[in-house]
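Asks: First the structure, which I've put down as structure tokens, then a few questions once you've had a look.
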Amino acid sequence: MTKDQKIWNVGRSRRIGSYFNRIGLPAIPNVHWLGPESYEYCFAGLRKNSILAVSTLGCLRSNLDRSLFIPGLIYLVNSLEPSMLILYGTLTEEIKRILKTNSTEYLYFPSEISEAMEAKNGNERK
């Protein structure tokens, strides 16, 4: 997608969430970014100290993926200071450390893939 298309899609997502909130439906923004050049529009319109959601699916597969995801997560927790972060996918020790350092409360929902990998590695969830 072009940058204009990316900005349009982020704006569309924010408008839909705003509309849901206006008619009494709770909507939690799901935040995605591609790197520092996308922060300005990816984090635009998100309220400080609010509940936000982030998915790690596809964001931790390679060193390149991690190098784009981790700095964005740090930027998100430092600049928006979410009151709660909802995480879906895989929760790594590095992500836990970032959230702990920033005293960010979070709810974690593992994906079926991450649960299968944990079970395969002998780390079944209790």
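Asks: If you check Asn102 against the conditions, is it of a type outside the set (D, E, K, R) and within 18 Å of Pro36 (Cα to Cα)?
Replies: No: the conditions fail for Asn102.
Asks: Before we move on, is Leu76 surrounded by 13 or more Cβ atoms within 10 Å (Cβ to Cβ), modelled with pLDDT of 95 or more, in a strand (DSSP E or B) and not acidic (Asp, Glu)?
Replies: Taking the combined requirement at face value, the residue does not satisfy it.
Asks: Restricting to the range 59-81, what's the tally of residues that are in contact with an Asp or Glu (Cβ under 8 Å, 6 or more places away or on another chain) and closer than 23 Å to Ala27 by Cβ?
Replies: Matching residues across the range 59-81 total 1.
Results for (1) polar (S, T, N, Q); (2) within 22 Å of Ser13 (Cβ to Cβ); (3) surrounded by 14 or more Cβ atoms within 10 Å (Cβ to Cβ); (4) modelled with pLDDT of 95 or more, shown as yes or no for each residue.
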residue: Ser62; (1), (2), (3), (4): yes, no, no, no
residue: Leu80; (1), (2), (3), (4): no, yes, yes, yes
residue: Ile86; (1), (2), (3), (4): no, yes, yes, yes
residue: Pro110; (1), (2), (3), (4): no, no, yes, no
residue: Ile113; (1), (2), (3), (4): no, no, no, no
residue: Ala116; (1), (2), (3), (4): no, no, no, no
residue: Arg125; (1), (2), (3), (4): no, no, no, no
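Asks: Just to be sure before I move on: is Tyr41 surrounded by 13 or more Cβ atoms within 10 Å (Cβ to Cβ), farther than 24 Å from Tyr108 by Cβ and out of contact with any Cys (no Cβ under 8 Å at 6 or more places or on another chain) in the structure I sent?
Replies: Here the answer is yes, as Tyr41 does meet what is asked.
Asks: Now for a separate question. Just to verify a result, which residue in the range 26-65, among those that are without any contact (Cβ under 8 Å) to a residue 12 or more places away in the chain and part of a helix (DSSP H, G or I), is nearest to the chain's Cα centre (by Cα)?
Replies: In this case the residue turns out to be Asp65.
Asks: Related question: Kindly indicate the residue of the range 1-59 that is of a type in the set (Gly, Ala, Ser) and closer than 18 Å to Leu73 by Cβ and also modelled with the lowest pLDDT among those meeting that condition.
Replies: Once the filter is applied, the top-ranked residue is Gly58.
Asks: From the list Val77, Val31, Val10, Val54, exactly one residue is in contact with a helix residue (DSSP H, G or I) (Cβ under 6 Å, 6 or more places away or on another chain) and at negative phi. Which is it?
Replies: Val10
The values are calculated or read from the model by the stated rules, or taken from the named source; none is laboratory data. Worth saying up front: this structure is predicted, and the values here are computed from it rather than measured. Cβ atoms come from the backbone with ideal geometry, glycine included; neighbour counts cover every protein chain shown.
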